[in-house]
1. What are the semi-axes of the equivalent ellipsoid of region 57-174, taken as the square roots of 5 times the eigenvalues of the Cα gyration tensor, listed largest first and rounded to whole Å?
2. Explain nothing, just the number: relative contact order of the chain, from Cα pairs under 8 Å at least 6 residues apart, as a whole percent.
3. First check a/c for region 1-89, with a ≥ b ≥ c the square roots of the eigenvalues of its C-alpha gyration tensor; if it is under 1.5, answer rounded, and if not, answer prolate when a/b is larger than b/c or oblate otherwise.
4. So which residue, out of 90, 20, 119, gets the largest mean-square fluctuation from a GNM of the chain using Cα contacts under 10 Å as springs?
5. Report the one residue of 80, 125, 61 whose Cα lies farthest in the direction of the positive end of the charge dipole of the chain (charges on C-beta: Lys and Arg +1, Asp and Glu -1; origin at the Cα centre).
6. For region 129-175, rounded, prolate or oblate, judged on the Cα gyration tensor with a ≥ b ≥ c (square roots of eigenvalues), a/c < 1.5 rounded, else prolate if a/b > b/c?
7. Just the projected area, averaged over all directions, of the convex hull on the alpha carbon atoms of region 1-52: how many nm²?
8. Report the residue, chosen from 80, 134, 149, that carries the largest GNM mean-square fluctuation when the chain is represented by alpha-carbon nodes joined by springs under 10 Å.
Amino acid sequence: MDEVRRAYRKQVKKYHPDRLPVNSPPELRKLFEERMIRLNNAYRTILALYDHPSATVKIKQEDLSKIQQSIALAETALRNGATPKDIVNLADKAAETLAETLCRAAGLLGRSKHYYDLLTDLMINDLITLDEFNTLVEVRKAWSLAEKNGITVKDAFTAVRRVNGVYLKIRERYS
């Protein structure tokens, strides 16, 4: 399994769409996204075949409160007419805090502090689902677009809603 994990991480680092330059053609981005879907599906299949047990993880209530506060700040900013960029920054911060908190609770923090590495470790260790992984990646993509002022209020609202959805699932599983 260690060899499988190393190979998976190597391929993720090579083919993750966020590693493409900003001016990459949409066709190339789509090709990378399709490759990631295939890689993730193959990896999940291997994990299932080996009946990889998930870690027993408990997230402390005070850590959950910090994540909920971050989401609440994003929702308040949305209601108060903040810029989409500010809203998505808050949603992204909530997503990042969620990933760090779950990694810390599982004893995974310290391997890397890079957001995508945290998400990959969470998925590899069967602590988040592929859908949750993809959702948290989409929130980071929205943040990246917001940095270039290429995001709408509707997109910002969607990012906040999606982070909250993942948070609620994780809270239910690990609290």
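1. One finds semi-axes of 24, 15, 11 Å for region 57-174.
2. Value for the chain: 26 percent.
3. Oblate, since a/c reaches 1.5 and b/c is not below a/b.
4. Sorting by GNM fluctuation, first place goes to 20.
5. Of the options given, the answer is 125.
6. The shape class here is prolate.
7. It is 3.4 nm².
8. Ranking 80, 134, 149 by mean-square fluctuation puts 80 first.
Since every read-out is calculated from the coordinates, none of them should be taken as a lab result. None of these values were measured; they are calculated from a predicted model. Counting neighbours? That spans all protein chains shown, and the Cβs are built from the backbone with ideal geometry, glycine included.
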